[in-house]
1. For segment 260-277, which residues satisfy the criterion of being crowded, with 21+ Cβ neighbours inside 10 Å and of a type in the set (A, V, I, L, M)?
2. Residues of segment 149-176 being outside any strand (DSSP E or B), over 29 Å from residue 402 (Cα atoms) and not hydrophobic (A, V, I, L, M, F, W, C), which ones?
3. Look at segment 351-366 and say how many of its residues are over 60 Å from the mean Cα position of the chain (by Cα) and touching a residue at least 40 places away in the same chain (Cβ under 8 Å).
4. Name the pairs whose Cβ atoms lie under 7 Å apart, with the first residue in segment 177-194 and without any contact (Cβ under 8 Å) to a residue 24 or more places away in the chain and assigned to a helix (DSSP H, G or I), the second buried (at least 22 other Cβ atoms within 10 Å of the Cβ) and not basic (Lys, Arg), and 6 or more positions between them or separate chains?
5. If we keep just the residues of segment 372-393 that are closer than 14 Å to residue 360 by Cβ and either of a type outside the set (Ser, Thr, Tyr) or touching a residue at least 24 places away in the same chain (Cβ under 8 Å) (or both), which is surrounded by the most Cβ atoms within 10 Å (Cβ to Cβ)?
6. Kindly indicate whether any position in segment 300-307 is in contact with a helix residue (DSSP H, G or I) (Cβ under 9 Å, 6 or more places away or on another chain), modelled with pLDDT under 90, at negative phi and hydroxyl-bearing (Ser, Thr, Tyr).
7. For segment 221-244, check the following and say yes or no: at least one residue is of a type in the set (A, V, I, L, M) and out of contact with any helix residue (DSSP H, G or I) (no Cβ under 8 Å at 6 or more places or on another chain).
8. Residue by residue through segment 78-95, note down the ones that are surrounded by 19 or more Cβ atoms within 10 Å (Cβ to Cβ), touching a helix residue (DSSP H, G or I) at 6+ places or on another chain (Cβ under 7 Å) and at pLDDT 70 or above.
Amino acid sequence: MRGRVNRRCLHVIALSVPFAVGSARAQTGTLPPALDRIPPPRSATAPAQPVPNTLEQQMPYAPRPMPGPAEAGSPVGGVDAQAPRGLPINLATAMELAGVRPLDIEAATVQVRQSLALQLQARALLIPTLNAGVDYFRHDGAQQNLFTGANFRKGRQDFFVGGGPSLFVGLTDAIYNPLAARRVVDARRADVQTARNDVLFTVSQAFFDLQSARGRLLGVAASIARAELLVNFTTALAPALIAPLEINRAKAELESLRQTQQIAIRDWKVASARLAEILLLEPETLLEPVEPPFLQVTLVSCDQTAKELVAVAVNNRPEIASRRELVAAAEALLRREQKRPFLPDLVVSSATTNTGLLAAGNLSSGANGMLNSNGSAFAVDVAAVWQLQNGGVGNIGRIRQQRADRDLASIEFTRTVFRVKSEVTQAVARLQTARARVVATAEGVRQAIESADKNFIGLRETARPVGPLLSLIIRPQEVVAAIIALETAYEQYATAVNDYNTAQFDLYRALGQPAQWVTRGDWQPPEPPGEHGQPRPNNGAQPAVPARP
């Protein structure tokens, strides 16, 4: 009985081995097209032979490399992914539009015009007002005799046609109001520069968010191309070499990547609408930057410390200049109130009419209802009057009010200075961190691409760990893990590049550098870095942070 069982087992083994080997051989003709040229599988016991990375040779590459500190190229398979096509726009055009289109700059410019109008009014306080018009007066009933003091009844009326100057102004207002108004104008002009700098940063942030979405889309496309190859490969394998759940795992990862691709396309459209809103373009216009998604822009050197840059920011930030001018304006108004009791109010009026506004003209008058007497008339009254408002208590109150306003302006100035210092320190920290992340994530992309491609090559190799049975050296789940790592590496790289570019413009704004140096029409983004992330020679080109003209 035992001998029969042994013979049956031998028959089963003898039948199963040719079936397994035959199945493995039959798979060679059913591999996906991208893997057709990979050499046939070698045994684990055979001497190791160098296997060319034919997967990388078969997959298409982008026509030009994507600039970056690590010279990371276009992801394998990424060029075949479906992506929306939009209106081309480059960074230089976006920067130029940022200087002329946004409403924030226009609103700040309107405030300058308002302050100039107030300054004009302040400068004209000593100019008399010119009046012209008519004045009619009638009186009926008792009147007092100015010589005897007795009353008498007699009506009278008069009609005056003419004009003349009038003036009612405090001399202290005429002196100090123009000084305060000039300071306010300078503050509003600094606010315009602040608006330009803020808009530049806002536009750059929206532009690089758009680029980040495109970079993530490119990385997802690379992962989808590999996931599709993996699904085709695992589907073509014999059941003896792979479990059905491996196919399910590959298909699930492919669908997950397609969902991620849709999310990246959504982020692209959202960022495009946000950028179009800032540039006053139609929001439904899909913008597509012509620069590579991983382009890096360097405006400020990453080697400078926060302590060195804080001094530059304190001297250049327009917000500090604006607050400084407002403090000076409040100081001028305080001096105005302090001098008010010692400087007179100037009054120019006329006694010709009861209003005191018409000094010269023709006067027609008569008794009762008659206007039978005509003649020219002229009268002017010029006075200088010193006042103690409410016995001096009102002046004390106004002085205290202006002193409080001056103190509030000083507090805001101090708060702005410390806010600027903090913004510079934060921007430097973000920039230096982003720079280190860019280098690290670029290396991560290179390693992830190499890992994914080598896993595909290893997936085709087999071994016989137990007897003549074949087994895969690299399981499909390991390839799935490599694809996930590739998609994650590209996402991290796109985020790091976005953070680096945004930090560059954030630090540029924090230093108070004029936005016009970037938004002028002849500005161009810097050239892509050279090998290993080193900047290319300047060759006499425009410096990253130009000197003040």
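1. Kept after step one, since they are crowded, with 21+ Cβ neighbours inside 10 Å, are these residues of segment 260-277: 261, 264, 268, 271-272, 275.
Matches in segment 260-277: 264, 271, 275.
2. Once the filter is applied, which keeps residues that are outside any strand (DSSP E or B), over 29 Å from residue 402 (Cα atoms) and not hydrophobic (A, V, I, L, M, F, W, C), segment 149-176 yields 149, 154, 155.
3. Step one: of segment 351-366, the residues over 60 Å from the mean Cα position of the chain (by Cα) are 351-354, 359-366.
From what is left, the residues that are touching a residue at least 40 places away in the same chain (Cβ under 8 Å) are 352-354, 359-366.
Counting residues in segment 351-366 that are over 60 Å from the mean Cα position of the chain (by Cα) and touching a residue at least 40 places away in the same chain (Cβ under 8 Å) gives 11.
4. Hits for this filter: zero, empty list.
5. At the first step, the residues of segment 372-393 found to be closer than 14 Å to residue 360 by Cβ are 375-381.
Now drop any that are not either of a type outside the set (Ser, Thr, Tyr) or touching a residue at least 24 places away in the same chain (Cβ under 8 Å) (or both), which leaves 375, 377-381.
On the way: 375: 8, 377: 18, 378: 12, 379: 14, 380: 15, 381: 13.
For segment 372-393, the residue satisfying everything is 377.
6. Yes, segment 300-307 contains a residue that is in contact with a helix residue (DSSP H, G or I) (Cβ under 9 Å, 6 or more places away or on another chain), modelled with pLDDT under 90, at negative phi and hydroxyl-bearing (Ser, Thr, Tyr).
7. From segment 221-244, those of a type in the set (A, V, I, L, M) are 221-222, 224-225, 227, 229-231, 236-238, 240-243; that's our starting set.
Narrowing the set further to residues that are out of contact with any helix residue (DSSP H, G or I) (no Cβ under 8 Å at 6 or more places or on another chain) leaves 243.
For segment 221-244, residues of a type in the set (A, V, I, L, M) and out of contact with any helix residue (DSSP H, G or I) (no Cβ under 8 Å at 6 or more places or on another chain): present.
8. 91, 94, 95 - these are the residues of segment 78-95 that are surrounded by 19 or more Cβ atoms within 10 Å (Cβ to Cβ), touching a helix residue (DSSP H, G or I) at 6+ places or on another chain (Cβ under 7 Å) and at pLDDT 70 or above.
The values are calculated or read from the model by the stated rules, or taken from the named source; none is laboratory data. From a predicted model like this one, the values you see are computed outputs, not experimental measurements. Positions of Cβ are generated from backbone atoms using ideal geometry, with glycine treated the same way; all protein chains shown enter the neighbour counts.
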